[in-house]
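The values are calculated or read from the model by the stated rules, or taken from the named source; none is laboratory data. Source: prediction; values computed, not measured. Neighbour counts are summed over all protein chains in view; Cβ atoms, including those assigned to glycine, are modelled from backbone coordinates with ideal geometry. We work out accessible area using only protein heavy atoms, side chains counted, and drop any ligands, DNA or RNA first. Shrake-Rupley method; radii C 1.70, N 1.55, O 1.52, S 1.80 Å.
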Amino acid sequence: MAIPHRVCIVEVGPRDGLQNEKQIVPTATKIEFIQRLAASGLRTIEATAFVSPKWVPQMADHAEVMRALPRGHGVTYPVLVPNLRGFEAALAAGATEVAVFAAASETFSQRNINCTIAESLDRFTPVFVAARTADIPVRGYVSCALTCPYEGDVDPIRVAEIAAMLFESGCFEISLGDTIGAGTPNRTQALIAATAQRVPLNKLAGHFHDTYGQALANIYASLELGMHVFDASVSGLGGCPYAPGAAGNVATEDLLYMLNGMGIETGVDLDRLLAAGSFICGELGRQPQSRVGRARQKS
Ligand code: HMG
Ligand code: MG
């Protein structure tokens, strides 16, 4: 399979990144952050999560964030929804795309959304029905697609099964999450090969956390198989509060640097992206965390 000429980057920093910050980031800062990301040319920016504020207080201002975002600039702002209540609140706040999230590991499912995998799929059924009625595309995540923080390595056949259930229920794309960033390129390719038996490869995306420094290698391995959609988080922000030890996602700047070097189009401007990364790191009181950001600071 040829390496794609064009890649779609799904920026997840405002959601995956900020959900895991100890400090609660002010709503106005989140909005400015998202606008700066959009100004870099990113066309899909996961903005927030309509989850329980008791579970993830960092996302409690979801409605305010969504309502403040400009519409009609060719940018889509998907949001996470764990249930029908989240979907309805997202719709009322103006969301035009949502994402449901399941796991391939029972223990993680319990810890993250307080139900079994089967119960989570049942819980999504009314979301699919309501989304179809409202003409809202639904993306699907499968967490722990490579390794679970509680159960260890996960069988790719199990991941493929859950990905297929989400896809057949109506998800337009399935993002395979290496939630704790423990995967390696060989296992990544085995996962994609198994899942592509059940879901068309061009409907799969990669979501690699970088805990063990493998995220870019895993993305390269995925590109080799023809995958062309990758989630990333500016400045490598992120992690999941219910996945102990998980580091952030692959830094969007580092992913873009690699794709630019390979001549793969994304439509994203590296300097503007670096500026968005510097902005949020400044607000969080830390130095830019991407490798490219750090290299540029020294040069
Ligand atoms: P629960 O406690 O089992 O459910 O939580 P509940 O129905 O008893 O609700 C508990 C409270 O939350 C109630 O409030 C509900 O009303 C309220 P109370 O009556 O006690 O005052 N509630 C809600 N509030 C706002 N919005 C809602 C909502 N639903 C219920 N939608 C639940 C179940 C799913 C709600 C909870 O477990 C939850 O919100 N979990 C979210 C966890 C989360 O956001 N994790 C991080 C995102 S996933 C991730 O990071 C992985 C990913 O990046 C991919 C990867 O890396 O692998 C996507
Ligand atoms: Mg994640």
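Here is how the numbers come out for the structure above:
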{"quantity": "Spatially proximal aspartates and glutamates relative to K22 (Cα-Cα < 14 Å; intrachain offsets below 8 disregarded)", "calculated": "E283"}
{"quantity": "D_trans [Stokes-Einstein, Kirkwood Rh over alpha-carbon pairs] for region 54-144, 10 °C, 1.306 mPa s, µm² s⁻¹", "calculated": "115 µm²/s"}
{"quantity": "Span from the region 173-206 Cα centroid across to the region 234-290 one, whole angstrom", "calculated": "21 Å"}
{"quantity": "Placed amide H near A205: partners under 5 Å, 5+ positions off or other chain", "calculated": "I174, S175, L176"}
{"quantity": "Per-residue ³J(HN,Hα) for region 220-231, Karplus 6.51 cos²θ - 1.76 cosθ + 1.60, θ = phi - 60°, Hz, x for Gly and Pro", "calculated": "4, 4, 6, 4, 4, 8, x, 5, 9, 10, 9, 7"}
{"quantity": "Within region 161-232: Cβ-based charge dipole about Cα centre, in debye rounded to nearest 20 (Lys, Arg +1; Asp, Glu -1)", "calculated": "120 debye"}
{"quantity": "Lys/Arg +1, Asp/Glu -1 at C-beta; region 172-299 dipole; positive extreme among P244, S233, G282", "calculated": "P244"}
{"quantity": "Check: the chain dipole with +1 on Lys, Arg Cβ and -1 on Asp, Glu Cβ, in debye", "calculated": "460 debye"}
{"quantity": "Extreme residue, positive dipole direction of region 38-153, given options S109, A131, C144 (C-beta unit charges)", "calculated": "A131"}
{"quantity": "Under-5 Å amide H pairs with T48, H placed in peptide plane, nonlocal only", "calculated": "L80"}
{"quantity": "Placed amide H near A103: partners under 5 Å, 5+ positions off or other chain", "calculated": "S143"}
{"quantity": "³J(HN,Hα), Karplus 6.51/-1.76/1.60, whole Hz, each residue of region 239-254, x for Gly, Pro", "calculated": "x, 10, x, 9, 10, x, x, 6, 8, x, 6, 3, 5, 4, 4, 5"}
{"quantity": "CD proxy at 222 nm, helix term only [per DSSP H run n ≥ 4: -39500 (n - 2.57); per residue of the chain; nearest 500]", "calculated": "-12500 deg cm²/dmol"}
{"quantity": "Where the chain is the region considered: accessible area per residue in Å², 1.4 Å probe", "calculated": "40 Å²"}
{"quantity": "Protein accessible area in region 162-298, 1.4 Å probe - carbon and sulfur %", "calculated": "48 percent"}
{"quantity": "Gyration tensor verdict on region 231-299 (Cα atoms; rounded if a/c is under 1.5, prolate if a/b is larger than b/c, oblate otherwise)", "calculated": "oblate"}
{"quantity": "Cysteines in the chain that, by Cβ-Cβ distance, have no pairing candidate under 4.7 Å", "calculated": "C8, C115, C171, C240, C281"}
{"quantity": "Net lengthening on full extension, N202/S299 (0.36 nm per residue, minus Cα-Cα)", "calculated": "31.1 nm"}
{"quantity": "Gyration tensor verdict on region 1-157 (Cα atoms; rounded if a/c is under 1.5, prolate if a/b is larger than b/c, oblate otherwise)", "calculated": "rounded"}
{"quantity": "Under Karplus coefficients 6.51, -1.76 and 1.60, residue-wise ³J(HN,Hα) of region 96-109 in Hz, glycine/proline x", "calculated": "10, 8, 10, 9, 9, 9, 10, 10, 9, 10, 4, 5, 5, 4"}
{"quantity": "Where trypsin sites (Lys or Arg not before Pro) fall in DSSP loop in region 209-299, at most 11 other Cβ within 10 Å", "calculated": "R286"}
{"quantity": "Distribution of pairwise C-alpha distances over the chain, 5 Å bins, in %", "calculated": "1, 6, 13, 18, 20, 19, 13, 8, 2, 0, 0"}
